[in-house]
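J.: Below you'll find the structure I mean.
The values are calculated or read from the model by the stated rules, or taken from the named source; none is laboratory data. Every value quoted in this text rests on a predicted model; they were computed, and no experiment measured them. FYI the Cβ positions are ideal-geometry reconstructions off the backbone, even for glycines, and counts take in every protein chain you see. Keep in mind that these areas ignore ligands, DNA and RNA; they rest on the heavy atoms of the full protein, side chains included. Shrake-Rupley method; radii C 1.70, N 1.55, O 1.52, S 1.80 Å.
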Amino acid sequence: MDRYERILALHRSLRAARLPVPLQRLMDELGCSRATLYRDIAFLRDALGAPLESTDGEASFRYLEKEAERFELPGLWLSSDELHALTAAQQLLDRTGPGILSAAIAPLKGRIDSLLQQHAGGKRWPIERVRVIGSGTRRVDEAAFRMVAGAVLERRRLRFEYLARSTNTRTQRNVSPQRLTHYRDNWYLDAYDHEREALRSFSVDRIAHARIDDAAAIDHPDAELDAHLASSYGIFSGAPKAWATIRFSAKAARWVADEHWHSKQEGRLLSDGRYELRVPYSNARELLMDVLRYGPDAEVIEPTPLREQLRTLLQLTAAAYDG
């Protein structure tokens, strides 16, 4: 542990303690000698202004009770692990879509890089070895993303033009934003549509000419949002219409048994090694897309309409390869 991290650990230990912390305990926690600990205590108290006092003839130390809650280390103090986690998070955000908040996070990225170099004694950390690979990521306009995120956080109404993929038509929307959701490498806005008087999910990459209104957004309870937007399979909203039962081969079971398909999913390992999964759904399209990923290793057992729908999809797919 270098001096930077010892100071941070010392501060956190003293701030969390209700009673004076013995010198030996601090030495054990920080992994340092008595002399090193005394130098760190002096730096924390004299250079950084910590409300630190010794007790029992410097056999233990503590923060003054009335000042402990108000004192914070000046500047940005993070451990190496925290910096690495923050860097990985930055990489994830940077790769969730080309240009998303790139300008806004550039100064923070520079600060993180600088702090990492300080921790590494001037050496460069190989950040490129942290890889976040997107799949099917759609390009999002940075200005539109900022406007949508701003409306969500400021709890203000939002107006925008929306080009729906299903109909390829443009409509004007006036909504009260509820949540900004990152789902399968793409961003969605969950909102209450005032004209349609219903909750809707909008793909952020299809939002244009967004502007925030002065009017406050109407908030819906979390339970209502979950019931409408998260009760069925996938991104499609609405109450579940049925439960699907899918059986996977013993080979596919090794993967599916550890996968999260839905918050209310039910799964069980069968005696022959196959795996049976049950999930609620409203719109079958996304569920069938996921089942098709497993090809002959997945079979829809019920309900019958869903099974027949998948059979039709497979027949149409096979027909495309005939002749």
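J.: Given H placed 1.01 Å from N in the peptide plane, which residues other than close sequence neighbours of GLU302 have an amide H under 5 Å from its amide H?
T.: Result for GLU302 returns THR245.
J.: Could you tell me the largest-minus-smallest coordinate of the C-alpha atoms of region 1-50 on each of the three principal axes, in descending order and whole angstroms?
T.: 24, 23, 16 Å, listed from the longest principal axis down.
J.: Turning to a different aspect of this structure: LYS251 label point, 7 Å along Cα→Cβ, cut-off 14 Å on backbone N: hits in region 280-323?
T.: 294-299
J.: On a 1.4 Å probe surface of the protein chains, which of ILE246, ILE218, ILE212 comes out largest in accessible area, and what is the full order?
T.: Listed by decreasing accessible area, they come as ILE218, ILE212, ILE246.
J.: Now, a different point. Would you pull out the residues with amide H under 5 Å of GLN178's amide H, same chain only if 5 or more places away, H placed 1.01 Å from N?
T.: ASP190, ALA191, TYR192
J.: Roll a 1.4 angstrom probe over the protein heavy atoms and tell me the percent of accessible area of region 232-310 that is carbon or sulfur.
T.: After summing per-atom areas, the C and S share lands at 50 percent.
J.: Quick one: with all protein chains in place, what share of the accessible area of region 151-192 is carbon or sulfur, to the nearest percent (1.4 Å probe)?
T.: In region 151-192, the share of accessible area belonging to carbon and sulfur is 46 percent.
J.: In nm, give the distance between the simple-model label positions of ARG131 and GLN309, each being 7 Å from the Cα along the Cα-to-Cβ direction.
T.: Inter-label distance under the simple model: 3.6 nm.
J.: If I model a spin label as a point 7 Å beyond the Cα along the Cα-Cβ vector, how far apart are those points for GLU195 and ALA164 in nm?
T.: In this crude label model, GLU195 to ALA164 measures out at 1.1 nm.
J.: Moving on. Show the residues, 5+ positions off or on another chain, whose built amide H is closer than 5 Å to the amide H of LYS241.
T.: Correct list: TYR281, SER282.
J.: How many nm is it between the label spots at ARG34 and ASP214, if each spot is 7 Å from the Cα in line with the beta carbon?
T.: A separation of 7.0 nm, rounded to one decimal place.
J.: Let me ask something additional. For region 176-193, in order, what is each residue's ³J(HN,Hα) by Karplus, 6.51 cos²θ - 1.76 cosθ + 1.60 with θ = phi - 60°, in whole Hz (x at glycine and Pro)?
T.: 9, x, 10, 8, 10, 10, 9, 10, 6, 6, 9, 9, 9, 9, 8, 8, 9, 7
J.: Contour minus end-to-end for SER54 and ALA223, with contour as 0.36 nm per residue of separation and end-to-end as the Cα-Cα distance?
T.: 55.8 nm
J.: Separate question: Once a ≥ b ≥ c are taken as the square roots of the eigenvalues of the Cα gyration tensor of region 149-201, is the result rounded (a/c under 1.5), prolate (a/b larger than b/c) or oblate (a/b not larger than b/c)?
T.: oblate
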